[in-house]
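The values are calculated or read from the model by the stated rules, or taken from the named source; none is laboratory data. This one's a predicted model, so the numbers in the text were calculated from it and none came from an experiment. Here Cβ is always computed from backbone atoms with ideal geometry, including for glycine, and neighbour counts include all displayed protein chains.
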Amino acid sequence: MFYLIILLVYAAVDAMACLGLSQQFGVAGVTNFGFIIFQAAGAYVAAVLALPPDTANGGFQTYVGGFGLPFPLPWIGAAAAGGLLALPFTFLVGRRLRGDFAAVGLLVTAVLLNVLVTDYRPLFNGDAGVALVPAPLRQGMFVTTSNAYQVGYAVGGLALAAVIWWLVHRITESPYGRTLRAMRDNDKVADSLGKNLVALRTGALVTGGAIAGLSGAVLVSFIGVWSPAAWSYAETIVLFTAVIIGGMGNHAGAVLGAVLVPVGFEEITRFISNSNPSLPPNLLPSLQWVAIGVLIAVFLWVRPQGILPERKRVIPRRPWPPWRALPAAAAGRGAGPAAGPAAALAVAGTAAAAAPGGSGGPAAGREPGRPAGPAAGPAAGGFPRPARRHPRPEPVRDILRTEGVSKEFGGVHAVAGVSLSVRRGTLTGLIGPNGAGKSTLLSLLAGTERASSGRIFYQGAEITHLPAYRRARLGLVRTFQLASEFKRLTVLENLLSAVPGHRGDSFLGALAGRWYWRADEAAAIERARGLLARFGLERHANDYAGELSGGQRRLVEIMRALMSEPDMLLLDEPMAGVHPELARRIGEGLRELCREGMTILMVEHELAIMDEFCDPVIVMAEGAVLAEGTMAQLRGRAEVVEAYLVG
Ligand code: ADP
Ligand code: MG
């Protein structure tokens, strides 16, 4: 009986820890190889908050603090400690550092902290650890017998684990959770769509850290002791094994893994050592490590998604029953693409009438009219025009301008002193031989790469030092030459992930719950469905983007960029690998967007496309701008013909 209770408490503790780790690793893609130190911090903090000063009990142990605080203060303190401890690590997992570097950095930190606590006795009594940690409510009036107390503790622990489940579920299944998964799938692309990676990763680290800290508190309050041996860095690997086996990014999987791996191994070890008392004492723990290694290898080989894989988020045609649908969403549906070209034309006309000059005014994007306006009404022959989000600044003729922009990669001058300007409302082409520096220039303009020298101006203001996500939020949005869809998000989710200013796309918005962001989500779904219908991809709305054909994935990227309501698009070979007929349709759509006020700078290889759609065209070679003009003019210039058009 007592042993079963211990197992239940361990299950609750491990389930909480695995949920925290799954949230960090499985959902947000933050590989925290130092996870155990957050649990340890929570355990120590809970211990010294609950313990009396270390002069009590004859001073046989030494530790800082000793506040004798009543329950639940030590547990709250433990969660806070786990969350706070995460803050200094955010510089490790920030925007620029590669994920595996950060993982190793956290692992090293975990080892160092363990050595520190072991060798520096005044902190937490060194190697021996702290003991006699008071159990919560031990003198409480509802606790009668020890047995009842233990059962109550197990039930309480499990209830707390359930609350943690609810919490991570609420975060993961919100637009904010979708953003976390997008970052996990491709952080560079998320950055280019306006996602603040540092803030997102900080959120994931702090949430997971707080959960880990709380789990440490539940554990230490039960077993009453906590020493460095309990939290060697290898314990993190046990938890990772649990999450990988159970299923990454699936909370049920995390809990299943917690029961199977840490709890299950403990149980098996005990069973074998009880039945064979003659075994060498170190054999079983060693075998346990071998078994964990084999398990990881087998699962990564045979079933990398785990026992319970991440669930696909299917968004039904009508996410909410009609009687609960919002008026704006309903209007959008009525005027949607299904209503036929005539209706679409009519809608486009109304939108234009309501918004003279097609500018729509700064507020239009925020009003309930949003879905019924540009979002739902596909303009004839073009894309649904994105809603206007940014208060239009004093119009400058050249929406984008660079002065001597350069980029070096270890001696290679990928871009060498490019000065150019892009006129508002044009579909400007950018051509040049392979390796000319076109993609690098686009990266510099979008902020994906920092310029080595030179200055960049957008809408008249300097943006040279703005990070990519801030540029995207100003309406300067890029696509990538290589496939860059969020693979484990559905097509519809890919589109939704780019929506700016979504009320549910923040930590607090996610916690507030569905009622808080439902209207934004409905409007965004409506807009995304309009785009999908326009491109004939409606059938694939709920397919994983990673499963589409190459051409379809390019479409998803373009649609996703449009969902972010850009003022200027930087497209890197958007028609590469696309069926010629579809490529033409894309070209026509892009030109239509430009007629309505969008500016596009497009890298393209096909001269026929340049001929047909782009004016003016900029020619690059060896990192520098060679010429600019209409295609007809360029064909007449010897140096251009030599550099590109012939060779
Ligand atoms: P384009 O898109 O015109 O084909 P790129 O901008 O991709 O050309 O590349 C320009 C030059 O910069 C090439 O010589 C390429 O090898 C180099 N380059 C691009 N990106 C990197 C990088 N991340 N590291 C090192 N060299 C790079
Ligand atoms: Mg390129």
Which residues, counting only those in segment 194-250, are without any contact (Cβ under 8 Å) to a residue 40 or more places away in the chain and among the aromatic types (Phe, Trp, Tyr)? none
Could you tell me which residue of segment 410-449 is surrounded by the most Cβ atoms within 10 Å (Cβ to Cβ), considering only residues that are away from ligand 2 (no atom under 13 Å from the Cβ) and without any contact (Cβ under 8 Å) to a residue 24 or more places away in the chain? Ser421
The number of residues in segment 454-504 that are within 16 Å of ligand 1 (Cβ to nearest atom) and of a type in the set (Ser, Thr, Tyr) is 2
By residue number, the members of segment 16-61 that are part of a loop (DSSP other than H, G, I, E, B) and within 27 Å of Val108 (Cβ to Cβ) are Ala28, Gly29, Val30, Thr31, Asn32, Phe33, Gly34
In segment 594-612, which residues are at pLDDT 90 or above and part of a helix (DSSP H, G or I)? Cys594, Arg595
Search result, residues across segment 147-206 that are over 22 Å from Ser22 (Cβ atoms) and of a type in the set (Val, Ile, Thr): Val151, Val155, Val189
Within segment 537-559, considering residues that are of a type in the set (Lys, Arg) and under 20 Å from Val603 (Cβ atoms), the one surrounded by the most Cβ atoms within 10 Å (Cβ to Cβ): Arg554
Residues that are away from ligand 1 (no atom under 15 Å from the Cβ), modelled with pLDDT of 95 or more and in the same structural domain as Leu482 (by TED's automatic domain parsing): does segment 404-412 have at least one? no
Among Glu557, Glu622, Glu565, Glu573, which is the only one that is away from ligand 2 (no atom under 16 Å from the Cβ), among the acidic types (Asp, Glu) and out of contact with any Cys (no Cβ under 9 Å at 6 or more places or on another chain)? Glu565
In segment 581-613, the residues that are β-branched (Val, Ile, Thr) and closer than 10 Å to Gly429 by Cα: Ile600, Val603, Ile609
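What residue, of Thr428, Thr440, is touching a Pro at 6+ places or on another chain (Cβ under 8 Å) and within 16 Å of ligand 1 (Cβ to nearest atom)?
Going through Thr428, Thr440 in turn, the sole match is Thr428.
Please go through segment 575-593 and pick out each residue that is surrounded by fewer than 16 Cβ atoms within 10 Å (Cβ to Cβ), of a type outside the set (Asp, Glu) and either assigned to a helix (DSSP H, G or I) or not assigned by TED's automatic domain parsing to the domain that holds Phe480 (or both).
Residue satisfying the conditions is Pro580 alone.
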Restricting the search to segment 101-133, which residues are of a type outside the set (Val, Ile, Thr), buried (at least 18 other Cβ atoms within 10 Å of the Cβ) and over 20 Å from Val30 (Cβ atoms)? Asn114, Phe124, Asn125, Gly126, Gly129
Qualifying residues in segment 458-485 (those that are small (Gly, Ala, Ser) and surrounded by fewer than 20 Cβ atoms within 10 Å (Cβ to Cβ)) - the one nearest to ligand 2 (Cβ to nearest atom): Ala483
Is it the case that segment 562-574 has a residue that's outside any loop (DSSP other than H, G, I, E, B) and more than 28 Å from the chain's Cα centre (by Cα)? no
Being in contact with a helix residue (DSSP H, G or I) (Cβ under 8 Å, 6 or more places away or on another chain), modelled with pLDDT of 85 or more and assigned to a helix (DSSP H, G or I) is the filter here; which residues of segment 622-647 pass it? Met631, Leu634
Kindly establish whether Glu596 is touching a residue at least 12 places away in the same chain (Cβ under 8 Å), away from ligand 1 (no atom under 16 Å from the Cβ) and at positive phi. no
Looking at (1) in contact with a helix residue (DSSP H, G or I) (Cβ under 8 Å, 6 or more places away or on another chain); (2) charged (D, E, K, R); (3) modelled with pLDDT under 95, can you tell me which one Asp185 breaks? (1)
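Quick one: which residue in Arg455, Arg514, Arg534, Arg488 is surrounded by fewer than 17 Cβ atoms within 10 Å (Cβ to Cβ), touching a residue at least 40 places away in the same chain (Cβ under 8 Å) and touching a strand residue (DSSP E or B) at 6+ places or on another chain (Cβ under 7 Å)?
Working: Arg514 fails: touching a strand residue (DSSP E or B) at 6+ places or on another chain (Cβ under 7 Å); Arg534 fails: surrounded by fewer than 17 Cβ atoms within 10 Å (Cβ to Cβ); Arg488 fails: surrounded by fewer than 17 Cβ atoms within 10 Å (Cβ to Cβ).
Among Arg455, Arg514, Arg534, Arg488, only Arg455 is surrounded by fewer than 17 Cβ atoms within 10 Å (Cβ to Cβ), touching a residue at least 40 places away in the same chain (Cβ under 8 Å) and touching a strand residue (DSSP E or B) at 6+ places or on another chain (Cβ under 7 Å).
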